Amino acid sequence: MDLDDGHEARLLFGKAHGSSNPAMLIIGAEDEEFENDIDPTVDDYCSHFQCIDLLKDRPTYLIIFLHHVILQFDASHVLCYLHGEMFKGANVKDSRRMFVDYFHTFLDRGAVLKVPVPHDISFELDRCRPDLLCDEGVKKIVKDMQKVTAVEIYSQLEDFRNKRMMGMTIGEKELSELDCERQMDPAAYEMKERMLAEQLLPKVEEATLEYTE
């Protein structure tokens, strides 16, 4: 995710710490009521929204998806996965320090953004304090947790694609701007995406605050 460290920290751990389940109910309706609302110009199999591994490096797309998840689901899985990305390339000292926060935020029994932890990982954590795990052990747990959370994120992405086809997601204006930029000036595309991501970030924070108060 191509955001600076300060914004990354705000995105992952800002106001989201207020709840383990920032979600809201969707007003239901019969399928036929949506038939005329489907936008044929929207590709529901847009490559960026196929899996989190593709999405994580596209900041604007990621923030738009994260906003959707915060409003509709439990955002813990996405945030846990994204935090796991921060361990890649970290040195031993930073990795151990980061894991303590990671553990208390996502894995501990009283974690504010608790995610399901497989038995083998729980067993390992019960055997050793999180601050005493070796670097190899830390990175294995984080990698395994990314695999676990990716399963739920895949379902959330599928929901996002379906809702997007019905015009029920935010950010289409920004995505259209990016499409135009990519066609007109590919060299400026990444700069444009970063700018749009910065503009959208406050909306995610507002949504998080609203549903965690």
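Please report, in cubic angstrom per residue, the volume enclosed by the convex hull of the alpha-carbon atoms of region 96-213.
Here the figure is 160 Å³ per residue.
Longer than 32 Å from Cα to Cα, which of Lys93/Lys192; Lys143/Lys173; Lys93/Lys173; Lys143/Lys203; Lys88/Lys192; Lys140/Lys163 are they? Say none if no pair is.
Lys93/Lys192; Lys143/Lys173; Lys93/Lys173; Lys140/Lys163
Over what distance in Å are the Cα centres of region 92-132 and region 173-201 separated?
When both Cα centres are located, 37 Å separates them.
Per the 1.4 Å probe, what fraction of the accessible area of region 123-185, in percent, lies on carbon and sulfur atoms?
The computed percentage sits at 53.
Given R₀ = 25 Å, what would the calculated FRET efficiency be for Asp144 paired with Glu198, taking r from the Cβ atoms and rounding to 0.05?
0.15
Determine, for each peptide in 129-138, 156-165, the mean count of other beta carbons within 10 angstrom over its residues, then list the peptides with the highest first.
156-165, 129-138
Any idea what % of Cα-Cα pairs in region 37-157 are farther than 19 Å?
Above the 19 Å cut-off, region 37-157 has 50 percent of its Cα pairs.
The values are calculated or read from the model by the stated rules, or taken from the named source; none is laboratory data. All figures in this text were calculated on a predicted structure; none of them were measured in a lab. All Cβ positions, even for glycine, are placed from backbone atoms using ideal geometry, and neighbour counts span all protein chains on display. Each accessible area value is taken on the protein alone, full model and side chains, heavy atoms only, with ligands, DNA and RNA left out. Shrake-Rupley method; radii C 1.70, N 1.55, O 1.52, S 1.80 Å.
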